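This report concerns only the one structure given below.
The values are calculated or read from the model by the stated rules, or taken from the named source; none is laboratory data. If you're wondering where the values come from, they're calculated on a predicted model, not measured in any experiment. In this analysis, Cβ positions are derived from the backbone assuming ideal geometry, glycine residues included, and neighbour counts consider all displayed protein chains. We work out accessible area using only protein heavy atoms, side chains counted, and drop any ligands, DNA or RNA first. Shrake-Rupley method; radii C 1.70, N 1.55, O 1.52, S 1.80 Å.
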There are 2 protein chains.
Amino acid sequence: MLYIIGLGLGDERDITLRGLEAVKKCDKVFMEAYTSLLSFGLSSNGLSTLEELYGRQIILADREMVEERADYILLEARESNVAFLIVGDPFGATTHTDLVMRAKKLGVVVKVIHNASVMNAVGVCGLQLYRYGETVSIPFFTETWRPDSFYEKIQRNRELGLHTLCLLDIRVKEPSLESLCRGRKQYEPPRYMTINIAIEQLLEVEQKYGESAYNEDTTCVGFSRLGSEDQIIVSGSMKELLTVDFGAPLHCLVIVGKTHPVEDEMLDFYTLKREEQELREKECLTCLK
Amino acid sequence: MLYIIGLGLGDERDITLRGLEAVKKCDKVFMEAYTSLLSFGLSSNGLSTLEELYGRQIILADREMVEERADYILLEARESNVAFLIVGDPFGATTHTDLVMRAKKLGVVVKVIHNASVMNAVGVCGLQLYRYGETVSIPFFTETWRPDSFYEKIQRNRELGLHTLCLLDIRVKEPSLESLCRGRKQYEPPRYMTINIAIEQLLEVEQKYGESAYNEDTTCVGFSRLGSEDQIIVSGSMKELLTVDFGAPLHCLVIVGKTHPVEDEMLDFYTLKREEQELREKECLTCLK
């Protein structure tokens with residue numbers, strides 16, 4: 001049996017009881033390491049926290065391993081219980097369909113245990129999930145590669161009054177160009193796109209096409225570390241959000257479409273104005289003490 | 001502190017460890033009872049299962065209670081820790097924004113604990129979540145009320161090649177028309193729309209407009225009890241799905257847009273053909289025994 005288990009967005013405590021039960025039944029536990037492990041703090045002692053809580057040794061599986069050694073994982077799953085842990089929900093990202101398909105072809109029973117993903121957790125800002133159009137991905141621009149197919153999609157969503165969720169690029173374990181030329185793989189340090197970079201790229205593309213899909217006054221909502229204890233959610237114009245330091249990754253961005261009054265009222269709790277006001281109030285309270 | 005805690009889709013074991021910790025810290029635990037409690041089997045002994053696992057007495061809060069007694073819930077939350085449990089993710093449905101907003105206005109700190117919702121769990125069928133357009137709701141038609149604003153939205157999604165998630169109507173604790181006339185509220189038995197009813201209504205509206213947004217040969221995916229141990233997922237044309245008995249609620253439906261080959265390959269695992277084939281194979285195995 002192959003259990004594909006979503007870990008949710010925050011930390012090791014965001015696994016479900018059902019998920020934890022499944023992990024504890026498994027002989028081998030793999031964990032995908034090619035989208036984001038940040039919130040699980042694996043670079044320091046996170047892995048051992050996970051292993052302690054889950055009571056199992058965890059084998060980190062990066063993209064190469066999953067692609068090259070999928071057969072090994074699946075052969076194990078044919079003989080015994082194997083868990084494959086995924087940050088967020090198993091199908092929030094596109095990368096896991098392949099493993100499931102190969103499993104099914106080999107006759108391995110697959111059981112999926114769901115969890116929260118960015119795709120539904122953005123609902124917390126008050127914009128209704130059924131008022132979102134197509135989701136877009138914003139890739140890191142390089143000097144020679146500046147793909148902008150997201151522009152047309154955002155434009156279409158906005159014409160329809162729909163909100164747009166922008167997923168921001170994550171580059172983990174990318175072989176460096178230099179190392180590829182030398183024929184010996186070495187990896188770039190991981191990179192996570194910030195909301196600031198995303199907005200700069202968005203405005204650059206708007207300037208290129210000039211079709212007013214959006215502009216620096218368009219209302220957006222920026223999220224960092226969504227679902228964690230220290231998440232930040234700020235609503236404001238693109239221009240305003242450019243001035244905000246959202247801190248550590250992961251970031252994502254919603255470009256707001258036409259809003260319902262209830263949505264406006266909720267967004268109002270996340271405006272910069274409100275944040276500053278609360279800060280001032282806190283400062284006043286401190287003064288009074 | 002007001003904890004708004006998503007319970008996920010399956011049963012009581014789909015709460016996260018973080019959610020369970022929060023429930024156990026709370027003095028009062030409310031549970032929304034106006035969307036769906038089916039999978040939690042509350043009509044029989046489910047509530048006590050929940051109460052046993054969570055170690056807390058649970059106060060069922062229907063729509064009326066939340067609307068009329070929100071102040072009571074919020075006053076409690078100002079003085080102590082209060083949990084409000086919601087099936088799925090807190091913001092998968094639209095109905096909880098109001099409580100959050102009132103809490104924030106009263107200065108009650110709100111903490112949201114996310115979980116899976118239908119909006120992301122449908123990803124399990126292999127259709128990529130970022131290829132969905134606007135989500136639609138299909139309401140129960142009555143003799144005199146047949147709202148069909150979903151038609152235009154589906155049409156638009158399909159023109160863009162996008163998939164459409166159709167959320168099917170749930171009628172819980174609806175006062176009967178008769179009782180309203182008599183001025184004494186009595187409630188209709190709960191009703192949950194089946195995939196079959198949804199498809200019949202969809203085809204009726206297509207016939208009315210005749211704009212070929214879809215037809216009985218359009219590929220769809222039907223889901224029942226998504227996220228539960230006994231979930232059913234079947235892919236087929238509208239016509240084919242009309243012949244399928246999806247069993248107990250909740251049901252939902254995806255109208256498939258333009259597919260990527262990988263999506264096709266995954267959907268193929270859920271076709272009726274495949275189901276029948278597996279059934280025949282099982283029967284053969286039984287014969288051989």
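Among rounded, prolate and oblate, which fits chain A when a ≥ b ≥ c are the square roots of the eigenvalues of its C-alpha gyration tensor, a/c under 1.5 means rounded, and a/b larger than b/c means prolate? It is prolate, given that a/c is not under 1.5 and a/b is the larger ratio. Between exposed GluC sites (Glu not before Pro) in chain B, where DSSP calls loop and at most 15 other Cβ atoms lie within 10 Å, what's the longest gap? Value returned for the longest uninterrupted segment is B:1-142. For the range B:119-278, the fraction of alpha-carbon pairs lying more than 21 Å apart is 47 percent, rounded to a whole number. Other residues lying with their Cβ under 12 Å from the Cβ of A:V118 contribute a combined charge of -1, Lys and Arg counting +1, Asp and Glu -1. Between the listed residues A:L253, A:A213, A:G227, the Cα displaced farthest toward the positive end of the dipole of chain A, a dipole computed from Cβ unit charges relative to the Cα centre, is found at A:G227. When A:S224, B:S137 are compared by accessible area of protein heavy atoms, the largest-first order is B:S137, A:S224, using a 1.4 Å probe. According to the Kirkwood relation over distinct C-alpha pairs, the hydrodynamic radius of the protein assembly as shown is 25.2 Å. Based on Cα contacts under 8 Å between residues 6+ apart, chain B shows a relative contact order of 18 percent. A simple charge model with +1 on the Cβ of Lys and Arg, -1 on the Cβ of Asp and Glu and nothing else charged puts the dipole of chain A at about 920 debye relative to its Cα centre.
Calculated mean residue ellipticity, 222 nm, chain A: -11000 deg cm²/dmol, from DSSP H runs (n ≥ 4) at -39500 (n - 2.57) each, averaged per residue and rounded to 500.
Convert 25 °C to kelvin, take the viscosity as 0.890 mPa s, use the Kirkwood radius over C-alpha pairs of the range B:231-272 as Rh, and evaluate the Stokes-Einstein diffusion coefficient in µm²/s, rounded to a whole number. The estimated diffusion coefficient comes to 216 µm²/s. Taking 27 Å as the straight-line reach from the Cα of B:K24, the lysines in range (excluding those fewer than 8 positions away in the same chain) are A:K24, A:K25, B:K104, B:K105, B:K111. Rounded if a/c is under 1.5, else prolate if a/b beats b/c, else oblate: with a ≥ b ≥ c from the C-alpha gyration tensor eigenvalues square-rooted, which is the range A:71-140? In terms of gyration-tensor shape, prolate.
Note: relative contact order over the range A:119-278, using C-alpha pairs below 8 Å and six or more positions apart, is 26 percent.
Surface exposure of the range A:98-207, expressed per residue as accessible area with a 1.4 Å probe, stands at 47 Å². Taking the Cα centre of the range B:95-151 as origin and assigning +1 to Lys and Arg Cβ atoms and -1 to Asp and Glu Cβ atoms, the resulting dipole is close to 400 debye. The GNM of chain B, with springs linking C-alpha atoms under 10 angstrom apart, assigns the highest mean-square fluctuation among B:Y187, B:Y214, B:Y132 to B:Y187. Any chance you could give the angle, 0 to 90 degrees and rounded to 10, that helix A:63-79 forms with the longest Cα principal axis of chain A? Taking Cα atoms only, the helix is inclined about 50 degrees.
Once the other residues with Cβ under 12 Å from the Cβ of B:A77 are scored (Lys, Arg +1; Asp, Glu -1), what is the net sum? With Lys, Arg at +1 and Asp, Glu at -1, the neighbours total +1.
Between the listed residues B:L202, B:Y151, B:V66, the Cα displaced farthest toward the positive end of the dipole of chain B, a dipole computed from Cβ unit charges relative to the Cα centre, is found at B:V66. Each residue, B:D169 and A:E204, gets one label point 7 Å from its Cα in the Cβ direction; the gap between the two is 5.1 nm.
Distance between the C-alpha centres of the range B:217-231 and the range A:229-259: 35 Å, rounded to the whole angstrom. Across B:K28, B:K173, B:K105, mean-square fluctuation computed from a Gaussian network of chain B (C-alpha pairs under 10 Å connected) peaks at B:K105. The charge dipole of the range B:119-278, taken about its Cα centre with unit charges on the Cβ of Lys, Arg, Asp and Glu (plus for the first two, minus for the last two), comes to roughly 760 debye.
Efficiency by 1/(1 + (r/R0)^6): what FRET value for B:A248 and A:C181, r their Cβ-Cβ distance, R0 = 51 Å, to the nearest 0.05? Plugging the Cβ-Cβ distance into 1/(1 + (r/R0)^6) gives 0.30. The residues neighbouring B:D89, those whose beta-carbon lies less than 15 Å from its own, together hold a net charge of -2 under the Lys/Arg +1, Asp/Glu -1 convention. For B:V244, the solvent-accessible surface with a 1.4 Å probe is about 20 Å², rounded to the nearest 10. Using heavy atoms of the protein chains and a probe of 1.4 Å, the accessible area assigned to A:F269 is about 30 Å². Between B:P139, B:P261, B:P249, the GNM of chain B built on Cα springs shorter than 10 angstrom shows B:P261 fluctuating the most.
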